[in-house]
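Since the structure comes first, as C-alpha cells, the remarks are kept for the end.
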Amino acid sequence: MTSTPNTQPIVVRTERGLSIAGTRITLYDMMDYVTANYPPKLIREKLCLTDEQVNAALAFIEENRALVEAEYQEVLQIAEENRQYWEERNREHFARIAQLPPKPGTEALWEKLRAWKTRLESEL
C-alpha cells in the first residue's frame, strides 16, 4: 500500500475495498473522477481530501492500474445491478399505489389536479 514518509499507509484495504486511510472514501469513488478527467485539485475539493491523500491515491492507482481498474469495474457492475433491482421494485410499487383509490376527502383535490393536467397538456 502507498505510505507517507512516516510509514503510515494512505491507501488501505477495508471491508469496502481499497480506501483512503482514516476516511470512508474508496479509490473507486476517486476513480469516478479520474475516469472523468478531473484534475487533482478538483478531486481534492470534491472528496474533501488533503493534497497528500490525493497524490498518494493517484500514485497508487497508476502503480496498480490493472488491479484498481478490475475492482472498479466490479463495483460499477454491482452498482448497476442494484440500480436495476430498485428501479424494477419501485416500478412495481408505484404501479400498486396508482391502483389504490384516493383517500376519503381528497376527491376534490384530485379533480383539480386532473383539470390542471388536462389544461397544461392542451396548451402544448
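Proximity of backbone amide H atoms, modeled 1.01 Å from N, is registered between ILE25 and ILE20 at under 5 Å, excluding neighbours fewer than 5 places apart on the same chain. Each principal axis of the Cα cloud of the chain was taken in turn, and the coordinate range along them, longest first, works out to 70, 28, 26 Å. Computed 3J(HN,Hα) for segment 90-100, one whole-Hz value per residue from the Karplus formula 6.51 cos²θ - 1.76 cosθ + 1.60 where θ = phi - 60°, is 5, 4, 5, 5, 5, 5, 5, 5, 5, 7, 6, glycine and proline marked x.
Can you give the calculated 222 nm mean residue ellipticity of the chain, where each DSSP H run of n ≥ 4 adds -39,500 (n - 2.57) and the sum is split over every residue, rounded to the nearest 500 deg cm²/dmol?
-22000 deg cm²/dmol
Rounded to the nearest 20, the Cβ-based charge dipole of the chain about its Cα centre (Lys and Arg +1, Asp and Glu -1) stands at 620 debye.
Dipole of the chain computed with +1 at Lys/Arg Cβ and -1 at Asp/Glu Cβ about the Cα centre; of GLY105, ALA21, LEU58, farthest Cα towards the positive end is GLY105.
Just add up the charged neighbours of ASN90: K/R +1, D/E -1, any other residue whose Cβ is under 13 Å from the Cβ of ASN90.
Around ASN90, the charge tally is +1.
Would you tally the net charge around TYR33, using a Cβ to Cβ cut-off of less than 14 Å, leaving TYR33 out, and scoring K and R as +1, D and E as -1? For residues surrounding TYR33, the net value is 0.
Here, each number is a calculation from the coordinates, and none is a lab measurement. If you're wondering where the values come from, they're calculated on a predicted model, not measured in any experiment. In this analysis, Cβ positions are derived from the backbone assuming ideal geometry, glycine residues included, and neighbour counts consider all displayed protein chains.
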